1. Based on what the data block shows, is residue 113 part of a loop (DSSP other than H, G, I, E, B) and at negative phi?
2. Given the criteria within 23 Å of residue 179 (Cα to Cα), among the aliphatic types (A, V, I, L, M), in contact with a helix residue (DSSP H, G or I) (Cβ under 9 Å, 6 or more places away or on another chain) and buried (at least 18 other Cβ atoms within 10 Å of the Cβ), does residue 37 qualify?
3. Looking at (1) part of a loop (DSSP other than H, G, I, E, B); (2) crowded, with 16+ Cβ neighbours inside 10 Å; (3) not assigned by TED's automatic domain parsing to the domain that holds residue 56, which is the only condition residue 175 fails?
4. Only one residue in 78, 82, 67, 60 is assigned to a helix (DSSP H, G or I) and closer than 29 Å to residue 107 by Cβ, so which one is that?
Amino acid sequence: MIAELKKTTETKMKKSIEALKNDLGKVRTGRAHPGLLDHVMVDYYGTQTPLSGVANVTLIDARTIGITPWEKKMVAAIEKAIRESDLGLNPSAMGDMIRVPMPPLTEERRKELIKVVRGEGENARVAVRNLRRDANHVLKDALKNKDISEDDERRAQDEVQKLTDRHVAEIDKMLQHKEAELLAV
């Protein structure tokens, strides 16, 4: 029972770290890549739909993303969705194609993005700590029901804490790497 609990807790912690990697990948560093717009939701006939569900997203060059909607009347909705996203981008429509130039990052914008990155990191840390709390709660319940001994419970809590510490350290390392990437001019 304890081994299974540790395994599921570790799996969930790894998923939290994967989610953080995806979130950090969306934070732009001055270079364009289509993944930046993955989380942009477009109003598609009253339904919030991911941008990739209503258009092709491609790279025109290193600093410009090109978006080709599948329906010509979606151009305005896509433009609006990108403008209203938290990315700070200014798309421009050219016929049935939308160009999204990546402005160079100013020092002020870099600091804003670092705050965003730190917020994402804190959310990931909280998720890992919540998983630790849940695992410890299951252990306490098992002890209360006399399914495990006090020694087993203590040992398992220590192992869950080590798992938590290891994953929080990995999150901190990822944040340091992303901050250094953002500060590099």
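The values are calculated or read from the model by the stated rules, or taken from the named source; none is laboratory data. The shown structure was predicted, so the numbers you read here are calculated from the model rather than taken from an experiment. We place every Cβ from the backbone using ideal geometry, glycine too, and count neighbours over all the protein chains shown.
1. Values: part of a loop (DSSP other than H, G, I, E, B): no; at negative phi: yes.
The answer is no for residue 113.
2. Details: within 23 Å of residue 179 (Cα to Cα): yes; among the aliphatic types (A, V, I, L, M): yes; in contact with a helix residue (DSSP H, G or I) (Cβ under 9 Å, 6 or more places away or on another chain): yes; buried (at least 18 other Cβ atoms within 10 Å of the Cβ): yes.
Taking the combined requirement at face value, the residue satisfies it.
3. Looking at each condition in turn, residue 175 falls short on (1).
4. 82
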